[in-house]
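First up is the structure itself, then whatever we jot down about it.
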Amino acid sequence: TTRRAPDPRLTRRRSPPSLPLASAVLLDVPCGRIDVQGKTMVPDERRGKLRLCKDTDGLTHLQWGTRAPDMPFAPETDLLVFPQEAEMKFIPKPGVFVIKFPEDPSRNMFFWSQRSVDEAEKEGSDDELAADVNAALNGEAPAFATRRGDA
């Protein structure tokens, strides 16, 4: 028997696209991921970004990836989120928030804010940020970001 070379279409790895086709960015939030290991929260020290965007079909994407000034955003995580499926809440630990999925807690995602003091003053309070993220999670334009000129 002869061995056949693998089909290159099946073995080629493609990097994930940074945005769904023809999508609109609703909101970007500088933040790092937090891994939960048992009862311990372990921060990922990389500079990251949480992006909420809406594609042409009206579906909202929750994306997280690393950020660098000279590199395009390439998400490591890209989840579809349906209206009323998830919400953002700050938790008692300063600067830490969760994207909470009440129907499936195993999908909860924790993040730590990487906004500088200057950015936080310019961009608004934690309550305003939570309101923006929650609006974007529901596919709506974030009110506070729109007033600041971000969206």
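The values are calculated or read from the model by the stated rules, or taken from the named source; none is laboratory data. Since the structure is predicted, the reported quantities are computational estimates derived from the model, not experimental observations. Positions of Cβ are backbone-derived with ideal geometry, glycine not excepted, and every protein chain shown enters the neighbour counts. Just so you know, the surface numbers come from the protein's heavy atoms only, side chains and all, with ligands and any DNA or RNA stripped out. Shrake-Rupley method; radii C 1.70, N 1.55, O 1.52, S 1.80 Å.
Brief remarks on what is shown
- Protein accessible area in the stretch 24-149, 1.4 Å probe - carbon and sulfur %: 53
- The stretch 90-122 residues near the modelled Met71 label - backbone nitrogen below 19 Å, point 7 Å along Cα→Cβ: 112, 114-115
- Anchor Lys39: lysines whose Cα lies under 16 Å away (excluding residues fewer than 8 positions away in-chain): Lys93
- What the phi angles of the stretch 49-66 give under the Karplus curve with 6.51, -1.76 and 1.60, with θ = phi - 60°, is a coupling list of 8, 9, 10, 10, 9, 10, 8, 5, 7, x, 7, 9, 10, 9, 10, 9, x, 6 Hz, glycine and proline written as x.
- Förster radius 30 Å - calculated FRET efficiency between Val42 and Gln84 (Cβ-Cβ, nearest 0.05): 0.50
- Over the stretch 24-149, accessible surface divided per residue gives 55 Å², non-protein components excluded, 1.4 Å probe.
- In order along the stretch 138-143, the phi-based Karplus estimate (6.51 cos²θ - 1.76 cosθ + 1.60, θ = phi - 60°) of 3J(HN,Hα) comes to 9, x, 9, 6, x, 5 Hz; Gly and Pro are listed as x.
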